[in-house]
Amino acid sequence: MDAQAWLVVNALPGMGALRIAQLVARQPQWPAGWLAALPSRAASELRLWLEHPARSPLQRVIDETLAWQQGGPSRHVLHRGHPAWPRLLNELPDPPVVLWAQGDLGALEGPKLAMVGTRRPTGEGTHNAQTFARDLARRGWCVVSGMALGVDGVAQRAALNAGGRTIGVLGCGVDVIYPASNRDLHEQLGRLPGGLLLSEHPPGTLARPAFFPRRNRIVTGLSLGTLVVEATEKSGSLVSARLTIEQNRELFVLPGSLHNVQARGCLSLLRQGSAHLACSVDDVIADLGHWAEAFIPPDAAIQQPLPETVAKLARDEPLPDNLLTALSATPTPIDTLVASTGTSVSDCQQRLLMLELEGWVSQQAGGWVRLPRP
């Protein structure tokens, strides 16, 4: 079956992704086997397109897709017969039938990890998302996310800035910018090497609330595992966590402070025993490395510092301010800092401001916290 056939199948009335996947598993011949196996209405629509395409509304889907492909560079229609089709999606009970893609198809190569989290991350969560995405990119991994506000966008920007690969799966058409504040990220994913936009919806499709939970199954389905950076107890990221487990993929969670509302969803996953604790990228790769080998070319150069080198740098690099020794991941009020360090309020505030600009500390509800080393 070629791209046009898959586009037609995807547009057949009354045929969702699950029913089409069940039919594909029977390996019917095209088109006779499909006509015999389809429900009567879908079979009638397919027969009309086969015999009189100009009279069929299904032809409009093909014409619009062809016009979209010819309207700009790096536009593709992916399906099971396409050489770039990510085979991990075939393990889902309801994989997308067609994916509209814009950007670098090379992003689909290599091992992938989904990174998800709250739309309102703390300073520590933002820093962790950047650090993990950057380290994954430098080791040859692709970061997959939904290009949402917060952790999604932070992780994908960090992967691109590190010269790595990242895939944004959208709950709208690949040409629709949502949310509007991510216009720059949308443009970069569709243009820069290593960036790719994917959607199971035709170009021009506007975002709808029902599309986003469906989008999440593709984010996790493309990936060997999922990392939850920060999530509240009712976060949409927990939908991705559930899908990861249902898809028999590995789930990783970053630990967070007991006082951090944005981390309570993560702590809940850890308490349930459904997720692995991840304190560094090494923890993720240790669990997924044997699966990832099948996706990494033998000659790929993966930048991975030796443990002894990292330890030496950690020992030798002095702290820029001894004020940091009084801070931890738990928010500390400024009056407590003043009392414990013997500094004046103005001096303490000035030093904290400089440390914040350098990425060492962050102000949160209840006081100041120390971030991991920049």
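The values are calculated or read from the model by the stated rules, or taken from the named source; none is laboratory data. Here the structure is a predicted model, which is why all the values come from computation and not from measurement. Cβ placement follows ideal geometry from the backbone for every residue including glycine, while neighbour counts extend to all protein chains displayed. Keep in mind that these areas ignore ligands, DNA and RNA; they rest on the heavy atoms of the full protein, side chains included. Shrake-Rupley method; radii C 1.70, N 1.55, O 1.52, S 1.80 Å.
Points to keep in mind about this one:
- For the stretch 105-295, dividing the convex hull volume of the Cα atoms by the residue count gives 104 Å³ per residue.
- Alpha carbon centroid spacing (whole Å) that separates the stretch 178-196 from the stretch 109-154: 15
- Measure of compaction for the stretch 322-370 (Cα Rg per 2.2 N^0.38 Å): 0.98
- Ranked packing of 57-64, 230-237, most packed first, by mean Cβ within 10 Å: 230-237, 57-64
- Furthest towards positive pole of dipole, A67, H186, W368, structure part the chain, Cβ charges: A67
- Furthest towards positive pole of dipole, A263, W100, V338, structure part the chain, Cβ charges: W100
- A simple count of charges around T330, restricted to other residues whose Cβ falls under 11 Å of its Cβ and scoring Lys, Arg +1 and Asp, Glu -1, yields 0.
- Summary of packing: across the peptides 27-38, 86-97, the per-residue average of other C-beta atoms within 10 Å ranks them, highest first, as 86-97, 27-38.
- Two-decimal Rg to Rh for the stretch 55-171 - Kirkwood Rh, Cα set: 1.04
- Fraction of accessible area attributable to carbon and sulfur, the chain (%, probe 1.4 Å): 53
- Normalised per residue, the accessible area of the chain is 48 Å², obtained with a 1.4 Å probe and no contribution from ligands, DNA or RNA.
- Paired Rg and Dmax values of the chain, which use every Cα atom, in angstrom: 23.7, 86
- Computed helical MRE - 222 nm, the chain, DSSP H runs ≥ 4 contributing -39500 (n - 2.57), nearest 500: -12500 deg cm²/dmol
- Alpha-carbon centroid distance for the pair the stretch 226-292 / the stretch 26-84, whole angstrom: 39
- Distant-in-sequence amide contacts of A275, defined by a placed amide H-H separation under 5 Å and a gap of 5 or more residues or a different chain, comprise nothing.
- In a reduced charge model with +1 at each Lys and Arg Cβ and -1 at each Asp and Glu Cβ, the chain shows a dipole moment near 1020 debye about its Cα centre.
- Converting the Cα gyration tensor eigenvalues of the stretch 19-68 into ellipsoid dimensions via √(5λ) gives semi-axes, longest first, of 22, 14, 9 Å.
- Length-normalised contact order of the chain in % [C-alpha pairs under 8 Å, at least 6 apart]: 14
- Each of the peptides 195-201, 72-78 was scored by the mean count of other Cβ atoms within 10 Å over its residues; in descending order, highest first, they stand as 195-201, 72-78.
- Karplus-derived HN-Hα couplings along the stretch 222-231 (A = 6.51, B = -1.76, C = 1.60, θ = phi - 60°), whole Hz, x at Gly and Pro: 6, 10, 6, x, 10, 10, 9, 7, 9, 7
- Total formal charge among the other residues, if their Cβ is under 13 angstrom from that of I20, Lys/Arg +1 and Asp/Glu -1: +1
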